[in-house]
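S.K.: Sharing a structure with you now.
The values are calculated or read from the model by the stated rules, or taken from the named source; none is laboratory data. Quantities reported herein were computed from a predicted structural model and do not represent experimental measurements. Ideal geometry is used to build each Cβ from the backbone, glycine not excepted, and the neighbour counts take in all protein chains shown. Heads up: the accessible areas ignore ligands, DNA and RNA and are worked out on the full protein's heavy atoms, side chains in. Shrake-Rupley method; radii C 1.70, N 1.55, O 1.52, S 1.80 Å.
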Amino acid sequence: MVGGAGQPFPLYLLLTCRGEKTELGEDQKLAMNPNTFEQFLSESRHAFRDKSDSEKIKFFTDWCKKNGTEEVILRLSSENKGGWSSNFYLDFTTARIIITKKSFFTKFADVGYVAGLAPYPYLLLLKNPDPSKIRKQASLAPDELVKSENYSDSIWYSEIKEIILRKGIETAVANMFGRAIVANFLAISASGGRRFDFKLPVNKNGTYEQVHFWVNVVLPPHCQLQNDIRNT
């Protein structure tokens, strides 16, 4: 997971989302590719001068929405023991969360990026971004994810009732440095009574604070962060 964390966060985090779903027709979408990304850079270099990493990502997200582009911003990797059906990728786009199952092959050898910022957003944090170096398998567009055989579900941000990130204290293991948490947990409640639960390994996604920070950067402004003191 790229980036760090700021001040310590509460044990539980609750985000509630309210807003309108924005689905664009194929003829309205501007596909993200090296040329489109160069266009973005040429339009944004001056605005980027004094922005932090998170502000750059938010600026890119706003530009994509303005230009009718749905782009993957962040990927989380979920894994559970007991079968392949419980292992997923969670791709946070500019409009929704796309859930895809991991194949038998990617369980052992992830193709592209495993977790963290997607390739184009990650380039924004580099001093000299070069979109020509992005591998094809690492830059799947949202519509390609939805059409893939591993596609499972999509959650539009406007459909989310609450999204809770919980620190996995019960997964802590002892080592020579003390105790370390192995995984954290993400729970999403959506319209229609849908419920999603994911286990996020720290070695794939980063610490609780890192996941919180970047998920909060990606979620739209109408998502409100609240403390949740409920017990598990």
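S.K.: Sort through F185, F213, F198 and tell me the only one that's open to solvent by 40 Å² or more (accessible area, probe 1.4 Å), of a type in the set (F, W, Y), touching a residue at least 60 places away in the same chain (Cβ under 8 Å) and within 16 Å of R75 (Cα to Cα).
M.R.: On the way: F185 fails: touching a residue at least 60 places away in the same chain (Cβ under 8 Å); F198 fails: open to solvent by 40 Å² or more (accessible area, probe 1.4 Å).
Being open to solvent by 40 Å² or more (accessible area, probe 1.4 Å), of a type in the set (F, W, Y), touching a residue at least 60 places away in the same chain (Cβ under 8 Å) and within 16 Å of R75 (Cα to Cα) holds for just one of F185, F213, F198, which is F213.
Results for (1) at pLDDT 90 or above; (2) farther than 24 Å from F185 by Cα; (3) among the aromatic types (F, W, Y), shown as yes or no for each residue.
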residue	(1), (2), (3)
C17	no, no, no
L24	no, yes, no
Q28	no, yes, no
E71	yes, yes, no
G83	no, no, no
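S.K.: Could you tell me which residue of the range 30-53 is farthest from K127 (Cα to Cα), considering only residues that are touching a residue at least 60 places away in the same chain (Cβ under 8 Å) and in a helix (DSSP H, G or I)?
M.R.: Among residues in the range 30-53 that are touching a residue at least 60 places away in the same chain (Cβ under 8 Å) and in a helix (DSSP H, G or I), the one farthest from K127 (Cα to Cα) is P34.
S.K.: Hey, another quick one. For residues that are open to solvent by 60 Å² or more (accessible area, probe 1.4 Å) and closer than 11 Å to D91 by Cβ, scanning just the range 106-164, find the one that is modelled with the highest pLDDT.
M.R.: Y151
S.K.: Then there is this: Modelled with pLDDT under 85 and either in a loop (DSSP other than H, G, I, E, B) or under 30 Å from T171 (Cα atoms) (or both): is that true of L90 in this structure? Break it down into steps so the answer makes sense when it comes.
M.R.: Numbers: modelled with pLDDT under 85: no; either in a loop (DSSP other than H, G, I, E, B) or under 30 Å from T171 (Cα atoms) (or both): yes.
Considered against the rule, which asks whether it is modelled with pLDDT under 85 and either in a loop (DSSP other than H, G, I, E, B) or under 30 Å from T171 (Cα atoms) (or both), L90 comes out as no.
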